[in-house]
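> Just passing along the structure, written as structure tokens.
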Amino acid sequence: MILSDASMKKKSNRSSPDDLRPEYDLASLGPGVRGKYAGQLKGTTLVALEPEVAEAFPTSEAVNEALRVVLKATTVMRRSGPVRKRPSSRPSRPNKP
């Protein structure tokens with residue numbers, strides 16, 4: 001059975017994309033301003049947090065503080081010298097002559 005892409009798409013409840021609810025009056029809304037709040041985000045990196053992470057860190061300050069602690073810990077680890085390999089739990093193989 002062959003299905004076209006058109007038959008796989010969900011039907012929209014809206015009759016056309018330009019429909020607006022009757023309680024909205026376009027004339028009273030005024031002209032839209034593109035990028036109105038973009039200046040507030042300049043120099044900011046936005047990331048999406050998974051829900052369980054967002055619960056643990058409810059504010060950006062909490063996230064930044066936790067990440068600074070992680071960065072500080074990893075910097076200390078990198079400065080302390082080369083990482084030594086852990087001894088293997090497997091018995092070593094004898095060298096072949």
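> Of the conditions (1) of a type in the set (K, R); (2) modelled with pLDDT under 85; (3) outside any helix (DSSP H, G or I), R34 satisfies every one except a single condition; which number is it?
All conditions pass for R34, except number (2).
> Output the number of the condition that T44 fails; it satisfies all remaining conditions of (1) within 30 Å of L67 (Cβ to Cβ); (2) modelled with pLDDT of 85 or more.
Here T44 clears every test but (2).
The values are calculated or read from the model by the stated rules, or taken from the named source; none is laboratory data. Since we're looking at a predicted model, the values are computed, not measured. Positions of Cβ are generated from backbone atoms using ideal geometry, with glycine treated the same way; all protein chains shown enter the neighbour counts.
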